[in-house]
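The values are calculated or read from the model by the stated rules, or taken from the named source; none is laboratory data. From a predicted model like this one, the values you see are computed outputs, not experimental measurements. All Cβ positions, even for glycine, are placed from backbone atoms using ideal geometry, and neighbour counts span all protein chains on display.
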């Protein structure tokens, strides 16, 4: 699990939980003063001689609070190339359909797969169509730099200057010269624990292997990881022997608008966090506020 609560950043908060181990599937919820996002993601991978192909499953759903419009889109494939020899690079390719389920409008995007000699790298093109299927905007660009409306695009909604990009990539903050693992400041901040008594016992930042890895002792971290995974296998065997079916705690299995399996967020954790805040403010001891040395999955 992972939890982030940033009241100073437009009341942004985020929670993720691994809802399935075989196959691996994670469910996430993010919320701010402007939107609510629900995301389910699993992956299948295929390793070849010099590349790793990743095919994500699931989809993303976002609701904008001001307009009430709901959007949903699918993932595209990715590959990590030249993992053994050559310059390593990541390629993303495939077709993405972003649908506004409130109005029926769609963005249809096609991400070009990079050729052996680099042709088509990062390229994306597509169109936005209205609820009747009529093309209103044509798009073209690169997903790592900018996307613009092309000259022969149709009349768009509102006032759009075709001479300016509709979207431009913003460079991430540079990593600290003394930072660990070459992470930018925001990523380093996410790894901090302000008060572990407010976190669920299974927050991944409190895993022994991660804590040891931060000291730079990779051998000890690997041993801690093996111990942790063996403990989880033992717990799983115990559940199977007792006929207990494991259930995620903060997400529940449901179905989306197309009838496909989708894990929806249960706001139980935020209620627990509020109760813990209240208890700490009142100097009340919380029985489960301090997690065990090596927490087990809920």
ask   = Going through the stretch 140-166 one residue at a time, which ones are at pLDDT 90 or above and loosely packed, with under 13 Cβ neighbours inside 10 Å?
value = 144, 145
request  = Output yes when any residue across the stretch 176-194 is surrounded by 14 or more Cβ atoms within 10 Å (Cβ to Cβ), modelled with pLDDT of 85 or more and part of a loop (DSSP other than H, G, I, E, B), and no when none is.
outcome  = no
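Residue-wise test of (1) in a loop (DSSP other than H, G, I, E, B); (2) under 21 Å from residue 30 (Cα atoms).
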residue	(1), (2)
231	no, no
234	no, no
239	no, no
246	yes, no
249	yes, yes
259	yes, no
264	no, yes
269	no, yes
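Specify which of the listed residues (126, 133, 120, 104) is outside any loop (DSSP other than H, G, I, E, B) and either touching a residue at least 12 places away in the same chain (Cβ under 8 Å) or farther than 19 Å from residue 168 by Cβ (or both).
On the way: 133 fails: outside any loop (DSSP other than H, G, I, E, B); 120 fails: outside any loop (DSSP other than H, G, I, E, B); 104 fails: outside any loop (DSSP other than H, G, I, E, B).
Selected residue: 126, the only one of 126, 133, 120, 104 that is outside any loop (DSSP other than H, G, I, E, B) and either touching a residue at least 12 places away in the same chain (Cβ under 8 Å) or farther than 19 Å from residue 168 by Cβ (or both).
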remark   = Conditions (1) farther than 27 Å from residue 4 by Cβ; (2) exposed (fewer than 14 other Cβ atoms within 10 Å of the Cβ) -> residue 216 fails only (1)
message = Can you go through 60, 90 and tell me which one is farther than 23 Å from residue 114 by Cβ and in contact with a strand residue (DSSP E or B) (Cβ under 7 Å, 6 or more places away or on another chain)?
response = 60
